[in-house]
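Please read the structure below before turning to the comments.
The values are calculated or read from the model by the stated rules, or taken from the named source; none is laboratory data. All figures in this text were calculated on a predicted structure; none of them were measured in a lab. So basically every Cβ, Gly included, is an ideal-geometry build from the backbone, and we count neighbours across all protein chains shown.
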Amino acid sequence: MNGTRLVAHLAGIGRLAVAFSGGADSALVLAAAVRALGPADVLAVTANSASLAAVELAAAREIAADLGVRHLTPPTGELAEPGYTANGRQRCYFCKTTVLTAIAEVAVDHGFPALATGTNADDAVDPFRPGIRAGDELGVHTPLRTLRLSKEDVRAIARHWGLDWADKPAAPCLASRVRYGVPITTATLARVEQAESAVRAYLDDRSLPSRDVRVRDLGGTARIELDAAVAAEVRDDPRLVDAVRARGFAEAAVAPFRSGGLNHESTAG
């Protein structure tokens with residue numbers, strides 16, 4: 001089965017560092033590496049930057065601890081990269097180049113020459129993934145893509161192994177919430193993170209779970225994206241809009257969640 005193939009593949013690579021975002025894909029690579037090599041020969045490295053929500057860093061720490069692997073969280077300098085802060089459509093290329101280079105250096109310093117990411121087969125067929133090109137140029141391993149394992153394969157393996165994060169929703173970086181052309185700054189990212197926290201608090205207060213929650217920064221105004229049924233129920237509640245406006249947005253509106261919503265806009269970056 002796919003899990004066995006993944007473990008065998010990683011055993012063939014040997015001592016391995018994993019660029020670990022805390023998401024299901026990189027978490028599965030990490031868990032499979034532990035099965036293949038043992039925790040002493042696996043290193044988790046999470047880029048600790050303004051684009052990583054605090055809740056995601058906490059989740060990454062917990063997963064790494066559960067797996068018994070050493071977990072490093074070095075700061076990364078993508079906010080010093082003009083190609084990233086300008087927030088054009090190649091933003092992810094500049095981000096991944098900076099972040100993966102930093103992670104690889106940390107890994108080598110700790111005796112881990114090989115680095116893997118959680119890029120999966122679905123990512124590879126997406127026509128708009130400049131970050132994948134950056135990883136390929138740096139020579140990182142992409143075992144899920146190599147074995148043609150999709151997102152659903154990832155979740156199926158994790159469920160089979162009894163991993164409690166198997167169905168964890170996708171959580172892209174905070175910069176992915178910012179419309180292309182709107183400069184990325186620490187303040188921009190913090191505003192998005194605080195607004196999403198406020199939305200989650202509002203939903204918790206109303207006992208309205210939404211699997212996906214995004215606050216898209218459209219350049220001073222916000223689009224709050226939620227599961228379609230939830231979006232329909234809260235659309236006319238001014239308390240939700242007010243909660244987001246209080247975090248620094250001039251206006252806000254509610255819409256159904258759309259994965260990669262800003263990638264589909266015609267705005268040039």
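Specify the residue that is nearest to ALA156 (Cα to Cα); the eligible residues are those in the range 3-38 that are within 23 Å of the chain's Cα centre (by Cα) and not hydrophobic (A, V, I, L, M, F, W, C). The selected residue is GLY3.
The conditions of being among the β-branched types (Val, Ile, Thr) and buried (at least 22 other Cβ atoms within 10 Å of the Cβ) are not met by VAL55. Mind counting the residues in the range 211-247 that are in contact (Cβ under 8 Å) with a residue 24 or more places away in the chain, part of a loop (DSSP other than H, G, I, E, B) and either aromatic (Phe, Trp, Tyr) or more than 14 Å from VAL178 (Cα to Cα) (or both)? The number of residues fulfilling the criteria is 5. The residues in the range 128-167 that are in a loop (DSSP other than H, G, I, E, B) and either out of contact with any Lys or Arg (no Cβ under 9 Å at 6 or more places or on another chain) or β-branched (Val, Ile, Thr) (or both) can be counted, and the count is 10. The condition of being farther than 25 Å from ARG200 by Cβ and assigned by TED's automatic domain parsing to the domain that holds ASP109 holds for only one of ALA31, ALA27, that being ALA31. Residues satisfying the criterion are present in the range 181-192 (criterion: touching a Lys or Arg at 6+ places or on another chain (Cβ under 6 Å) and of a type in the set (Val, Ile, Thr)).
Kindly indicate the residue of the range 28-52 that is more than 17 Å from ALA8 (Cα to Cα) and aliphatic (A, V, I, L, M) and also surrounded by the most Cβ atoms within 10 Å (Cβ to Cβ) among those meeting that condition. Result: ALA44. Here ALA86 meets each of (1) in contact with a helix residue (DSSP H, G or I) (Cβ under 8 Å, 6 or more places away or on another chain); (2) of a type in the set (Gly, Ala, Ser); (3) touching a residue at least 40 places away in the same chain (Cβ under 8 Å) with one exception, condition (1).
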